[in-house]
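These notes are about the structure you will find just below.
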Amino acid sequence: MLPDADDLPEVLLDLAVPHEDINPLVALRDRLWADPEARWLLDRCADAVVRDTGKVVGGQLPVPPVLPEAWGELGRCFFVYVYVAALEHVRAYHRGRGVPDDVSRRTLADLGRHLAVHRRARGSRGLLVPEWLGLHFRGELYQLGRLQFQRAVLGERMGGATAAAGHRAGPGDLCLNVHITDFRGALTPEACDRSISMAREFFARHFPEERFETAVCHSWLLDPQLRTYLPDDANIVRFQRRFRPAAGYGQEPSDGDPVAFVFGDRDLPVAGLPRRTRVERAVGDHLRAGGHWYTGHGWFPL
């Protein structure tokens, strides 16, 4: 159920929605509620999130419905209301699992961070990848310190790599998929150590029936070319060293990923990318020289 207009601001603030977005989102809520088509779709989308609560879905993210262009800002913010409508279900699931309130709060507050990501990239309210937050609101992903950990399953390629290395886990076994968010401070080794330690304890305590023996990561941050541009003591290079490379993946360029995460908008012209930091210089200079960036794939035993 969607909170009424009087209660919605408190809910949005709890989800770390930026203060300047509160009043416009309350106004959009009234517009949504007055539109029978929008309310019907809201119910269907919220039901889809709730239906999968607690499941390890894995694989590709679901494709969100194509919303009418005439909805404008309501369309860009529609999934904010979907997740608000599903909020009590995931909170109940967290309570049933004994998830601490602070972990629950910080995990679900990623909704507000994604609104900030959209504003940085597009200069307006909205969610760039609305389906991503379904991982949080169905209990599949958790913020534990600096890093996020997603309950997932080893696929054929990653599972094949772990098995070939003599690791106990292989294709089809559970794993924790590590995600690195922005707006969370530096990616220091100490912060990562704390997160990984928290994850080992958290999942053993709150998901005792699930055995997580492997951490995996699929990210441009694992592209080994970064070592050409960054010193050995750089946080990104030290993060890479945690992971054993996994072979068997294709080498399709993913140039937009580092541009999006470093500069905020994957569509920025390469020629004008700033050179203020070592990472900015690495990403931009490599592309300007005609190079490409690739998603790296790695794992380590937990």
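Observations, loosely collected:
- Failed criterion for A16 (all others in (1) on the phi > 0 side of the Ramachandran plot; (2) more than 24 Å from the chain's Cα centre (by Cα) hold): (2)
- Residue count for the range 163-184, restricted to those that are under 17 Å from A260 (Cα atoms), out of contact with any strand residue (DSSP E or B) (no Cβ under 8 Å at 6 or more places or on another chain) and of a type outside the set (K, R): 2
- Residue ID - surrounded by the fewest Cβ atoms within 10 Å (Cβ to Cβ), chosen from residues in the range 146-203 that are farther than 13 Å from P301 by Cα and in contact with a Pro (Cβ under 8 Å, 6 or more places away or on another chain): E156
- Meets criteria (over 21 Å from the mean Cα position of the chain (by Cα), without any contact (Cβ under 8 Å) to a residue 12 or more places away in the chain and surrounded by 15 or more Cβ atoms within 10 Å (Cβ to Cβ)) for L268: yes
- R51 of a type outside the set (S, T, Y) and at pLDDT 95 or above: no
- Candidate set from the range 212-234 (those that are over 20 Å from the mean Cα position of the chain (by Cα) and buried (at least 16 other Cβ atoms within 10 Å of the Cβ)); member that is farthest from T107 (Cα to Cα): Y229
- Those residues of the range 152-191 which are without any contact (Cβ under 8 Å) to a residue 40 or more places away in the chain, farther than 28 Å from N235 by Cα and in contact with a helix residue (DSSP H, G or I) (Cβ under 8 Å, 6 or more places away or on another chain), in sequence order: G170, P171, G172
- Qualifying positions in the range 136-145 - surrounded by fewer than 22 Cβ atoms within 10 Å (Cβ to Cβ) and touching a residue at least 60 places away in the same chain (Cβ under 8 Å): E140
- So W71, is it surrounded by 15 or more Cβ atoms within 10 Å (Cβ to Cβ) and without any contact (Cβ under 8 Å) to a residue 40 or more places away in the chain: yes
- Residues of the range 85-120 that are in a helix (DSSP H, G or I), of a type in the set (A, V, I, L, M) and within 16 Å of the chain's Cα centre (by Cα): V103, L108, L111, L115, A116, V117.
- Taken as a whole, the range 204-211 holds at least one residue that is surrounded by fewer than 20 Cβ atoms within 10 Å (Cβ to Cβ), closer than 30 Å to V56 by Cα, in contact (Cβ under 8 Å) with a residue 40 or more places away in the chain and in contact with a Leu (Cβ under 8 Å, 6 or more places away or on another chain).
The values are calculated or read from the model by the stated rules, or taken from the named source; none is laboratory data. Quick caveat: nothing in here was measured; it's all calculated off a predicted structure. Heads up, the Cβs are rebuilt from the backbone with ideal geometry, glycines too, and the neighbour counts pull from every protein chain shown.
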